[in-house]
Amino acid sequence: SFLDLDVALEQLQEQSPRLHETISLRFFAGLTIADTAELLGCSISRVEADWRLARAKLLHWLSDSQ
């Protein structure tokens, strides 16, 4: 549900603001990996790794809430 997603995003923000920002830019703002890397001032590989980790954490938390 949207409430579960909101709670999971809050957990992500508390644990890792960088991962939360990556999710926000990629998913909600629709930026590409390259655009996200440029905006955050980091490498494409860093954004790719953060994107994978953030999605895994969210999926884990959302599956635990079921």
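The values are calculated or read from the model by the stated rules, or taken from the named source; none is laboratory data. Bear in mind the structure is a predicted one, so any value in this text is a computation, not a measurement. Positions of Cβ are backbone-derived with ideal geometry, glycine not excepted, and every protein chain shown enters the neighbour counts. To get the accessible areas, we keep the full protein, side chains included, count just its heavy atoms, and leave off ligands, DNA and RNA. Shrake-Rupley method; radii C 1.70, N 1.55, O 1.52, S 1.80 Å.
Observations, loosely collected:
- Residue satisfying all of: in the range 12-26; of a type in the set (S, T, N, Q) and open to solvent by less than 50 Å² (accessible area, probe 1.4 Å); nearest to L39 (Cα to Cα) among these: T22
- When residues of the range 40-51 are limited to those that are within 17 Å of S16 (Cβ to Cβ) and aliphatic (A, V, I, L, M), the one most open to solvent (accessible area, probe 1.4 Å): L40
- Exactly one residue among R46, R55, R18 is in a helix (DSSP H, G or I), under 19 Å from F2 (Cβ atoms) and out of contact with any Lys or Arg (no Cβ under 7 Å at 6 or more places or on another chain), and that residue is R55.
- Candidates are the residues of the range 1-38 that are in contact (Cβ under 8 Å) with a residue 24 or more places away in the chain and of a type in the set (G, A, S); the one that is farthest from L53 (Cα to Cα) is A8.
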